[in-house]
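The values are calculated or read from the model by the stated rules, or taken from the named source; none is laboratory data. This structure is a prediction, so every number in the text was calculated from the model and none was measured. Cβ: placed from backbone, ideal geometry, glycine included. Neighbour counts: every protein chain shown. Accessible surface areas use protein heavy atoms only, side chains included; no ligands, DNA or RNA. Shrake-Rupley method; radii C 1.70, N 1.55, O 1.52, S 1.80 Å.
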Amino acid sequence: MASTDQRAQPAAPPPAPTPAEAGAPLDLRGRTAVVTGAASGIGRACALRLAAAGAEVRLVDRDAEGVRALADGGAGTAVVADLADPEAAEEIGRGADIVLNNAGFQLVCPVEEFPPEEFSRMLRVMVEAPFRTVRAALPHMYRQRWGRIVNVSSVHGRRASPYKSAYVTAKHALEGLSKAVAVEGAARGVTSNCVSPGYVRTPLVEGQLADQAAAHGLDPAEVAERVLLARTPAKRLLEPEEVAEAVAYLCGPAASFVNGTSLTLDGGWSAG
């Protein structure tokens, strides 16, 4: 009996870029990019980098003052949203050509003391919100046969550290989501990748110092060297602008065949 599956087979994927296209500066004019967690740190640096390449950037954060200041500087359009609300996460993805899932937060606490409500909230913000945003963006990407999804993961999406059970869980899940989207979207011109930085000089990392000091019984001044950077051969924090350049590469034509992978920026941490 003939199959009754009436779904159209995907058309041939877009052609590979020419050498000239692959080597050209990043040009995102005419593209709309969503950047979550855009008010500071990695998100801010990425928003500025994509805007500099010509993208129209949706600056998403619950920090209204932060994103509005960024928008006032010409980086894009401020969208004040709490990504713990799944409906808000879905709304921001509609019509996007580029999605950068960056929003997140950290809580350093032993598993037996970890508040269950905070565990759930972290998964909503860092796993369900990216799923909802990407889910809303994919139909547009598929129609135009081009899309770029970049998920800001972490070395904790590849390794574990104590006292970070929810964060490690969320980042491992984000890596899995990214790979699933990659294999579904590859034939339709959409790539999905992670960038996985080590410790970056951001407010989130700086805010960990006191928590880590309490957990490890150290003076806060000792935490960066003896805890945060203990496994990092390059004994320094990564700068947000370095992560933004990795994101820009993944959005450009030279990375059109980079899909379903995780670009690790950890100063050699995971090599050992």
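Relative contact order, percent, of the chain when contacts are C-alpha pairs under 8 Å separated by at least 6 residues?
Contact order relative to length: 21 percent.
Here the accessible area is traced with a 1.4 Å probe on the protein chains. For the chain, carbon and sulfur cover 54 percent of it. Of 18, 191, the residue with the largest accessible area leads and the full order is 18, 191 (1.4 Å probe). Accessible area of residue 219 (1.4 Å probe, protein heavy atoms only, ligands and nucleic acids ignored): about 80 Å². The angle separating the long axis of helix 203-216 from the principal Cα axis of greatest extent in the chain is about 40 degrees.
Against the chain, whose longest principal axis comes from its Cα atoms, helix 240-251 is set at around 20 degrees. For residue 92, the solvent-accessible surface computed with a 1.4 Å probe is close to 10 Å², ligands and nucleic acids excluded.
Model label points for residue 204 and residue 234, set 7 angstrom from Cα along the Cα-to-Cβ axis, are 1.9 nm apart.
The residues 119, 131, 257, sorted by heavy-atom accessible surface at 1.4 Å with ligands and nucleic acids left out, run 257, 131, 119 from largest to smallest. The accessible area of residue 229, taken with all protein chains in place and a 1.4 Å probe, comes to roughly 20 Å². Relative to the longest principal axis of the Cα atoms of the chain, the long axis of helix 129-144 lies at roughly 20 degrees. With the simple spin-label model, which puts each label point 7 Å out from Cα in the Cβ direction, the residue 69 to residue 22 separation comes to 4.2 nm. Size of the chain from its Cα atoms: along the principal axes, largest to smallest, the extents are 65, 49, 39 Å.
Relative to the current alpha-carbon distance between residue 218 and residue 82, full extension at 0.36 nm per residue lengthens the span by 45.6 nm. Taking label points 7 Å from Cα along the Cα-to-Cβ direction, residue 184 and residue 112 give a separation of 4.0 nm.
With a Förster radius of 35 Å applied to the C-beta separation of residue 105 and residue 140, the computed FRET efficiency comes to 0.75. Stokes-Einstein diffusion for the stretch 93-163, with the hydrodynamic radius set to the Kirkwood value over Cα pairs and evaluated at 20 °C in a medium of 1.002 mPa s, equals 155 µm²/s. Normalised by the number of residues in the stretch 127-272, the mean separation of alpha-carbon contacts (under 8 Å, six or more apart) gives a relative contact order of 29 percent. Listed by chain and number, the lysines placed with their C-alpha closer than 22 angstrom to that of residue 235 are 164; residues fewer than eight positions away on the same chain are left out. For the set 199, 249, solvent exposure ranked by accessible area (probe 1.4 Å, protein chains only) runs largest to smallest as 249, 199. Computed on the stretch 149-221, with alpha-carbon pairs under 8 angstrom and 6+ residues apart, the relative contact order is 34 percent.
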